[in-house]
1. Taking segment 258-273 as the region of interest, how many residues are within 16 Å of the chain's Cα centre (by Cα) and farther than 12 Å from LEU142 by Cβ?
2. Just give me the residues in segment 334-356 being over 21 Å from ASP273 (Cβ atoms) and either assigned to a loop (DSSP other than H, G, I, E, B) or in contact (Cβ under 8 Å) with a residue 24 or more places away in the chain (or both), in sequence order.
3. Could you check segment 265-287 and list, in sequence order, the residues that are over 25 Å from LEU347 (Cα atoms) and either of a type in the set (Lys, Arg) or not in a loop (DSSP other than H, G, I, E, B) (or both)?
4. If only one of VAL272, VAL250 is more than 25 Å from SER366 (Cβ to Cβ), β-branched (Val, Ile, Thr) and modelled with pLDDT under 95, which one is it?
5. Please work out if ILE119 is under 14 Å from GLY230 (Cα atoms), in contact with an Asp or Glu (Cβ under 9 Å, 6 or more places away or on another chain) and of a type in the set (Val, Ile, Thr).
6. Can you say whether PRO224 is surrounded by 16 or more Cβ atoms within 10 Å (Cβ to Cβ) and either modelled with pLDDT of 95 or more or under 21 Å from ARG358 (Cβ atoms) (or both), as far as the supplied structure shows?
Amino acid sequence: MEEPEVADLPSTSPTGRLSLVWVAAVAGLIGVLVGAGLVALVLPGRQGPAGPVARPVIQVDGVADPDLVAAVAEVVLPSVVRVDVDGIGSGAGNGSGAIVSDSGHVVTNLHVVAGATRIEVVFHDGRSEPAALVGTDAQADLALLRVGRTDLPPLARADVDDIRVGQLAVAVGAPFGLDGTVTVGVVSAIDRAIDLAGLDGSTLRLSRALQTDAEINPGNSGGPLVDSEGRMLGITSAVLSGDRPSGSGVGFAVPVDIVADTVAQLIAHGTVDRPRLGISGRSLTPDEALAADLPGGVLVESISPGSAAAAVDLREGDVLVAVDGELLRTIDDLVDRVRAAGVGGTLGVELVRDDQHRSVTVTLRSDQS
């Protein structure tokens, strides 16, 4: 599905802009603000080459029992790596990663490794291995690496349906190249819609991101956010920044179910096949919804030729109001329904056109078709 255009997010920074910062640490590579309410793509640097593996750093600020956090760290640290990269612009840098199979697979963020000419993974035991890029998922900002080691402990996964606001959240990674750094907080929100700057300059929308106040800093990108049993909740990707690129207490992670789906597809096929409806649109504003006597909806602004939407004669100006009998209040509701249905899945779409209610059944197509 085409990534939708959406209204600006609420302003929270001193400059009146909401800035989301990718948290890979890359020397000498700084991006730019791409639009009001969108993303400041800032990749602040760390000085010098990657150093030796550091001892774990556990930071607890009255949020959780230190013994519990220490037990989580003991379980998780062997499954977390530092990802060192060269060849991005004129600099080198690092992110983090999580071991997801015992056959050498490591998941990280796409923005950590994109454009790299060399990727090296440094393990908790101090050993390092060159890594090959298995594949990427640009829609989720994820990448899968593979190394030659087969004695690796994969990270356990939480059930996304069990994630609750307020539960313990522990972030593990290598901020500023400091391996084994553990920070602690809570899950601040679930299903948070955020906009990131895509690598091609487009807007990448994550409609179901996890929000956390666990400290996230440059270099944490690609590392796991885990629960009190050391199970992956998600992969950390971005932080909210006012006038500085870290320490805001508002970080975001790709949720575990999306991570698991991406990893499974990349291991099996080397690519990710996502369902695509083939529209570009936006949520109705409250005034538009009120004027149309609707609780909400999605205004179709364009249709991609040859898409699933075109096949059932969806048109510019249509307002999509429900899918399979469930109301669509925002564009994010539609994105979620499309993703859940999958390639080849069908959606019963109710729409309003020229003040008339209509229904169509759409069979979703691959975003690679």
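The values are calculated or read from the model by the stated rules, or taken from the named source; none is laboratory data. What you see is a predicted model, and the numbers here were worked out from it, not measured in a lab. Note that each Cβ is placed from the backbone with ideal geometry, even for glycine, and that neighbours are counted across all protein chains shown.
1. Of the residues in that region, 0 qualify.
2. Initially, segment 334-356 is screened for residues over 21 Å from ASP273 (Cβ atoms), giving 348-356.
Result: GLY348, VAL349, GLU350, LEU351, VAL352, ARG353, ASP354, ASP355.
3. In the first step, residues of segment 265-287 are kept if they are over 25 Å from LEU347 (Cα atoms); the result is 266-270, 286-287.
Within segment 265-287, LEU266, ILE267, ALA268, HIS269, PRO286, ASP287 meet the criteria.
4. VAL250
5. Details: under 14 Å from GLY230 (Cα atoms): no; in contact with an Asp or Glu (Cβ under 9 Å, 6 or more places away or on another chain): yes; of a type in the set (Val, Ile, Thr): yes.
Considered against the rule, which asks whether it is under 14 Å from GLY230 (Cα atoms), in contact with an Asp or Glu (Cβ under 9 Å, 6 or more places away or on another chain) and of a type in the set (Val, Ile, Thr), ILE119 comes out as no.
6. On the way: surrounded by 16 or more Cβ atoms within 10 Å (Cβ to Cβ): yes; either modelled with pLDDT of 95 or more or under 21 Å from ARG358 (Cβ atoms) (or both): yes.
Judged against the criteria, PRO224 is a match.
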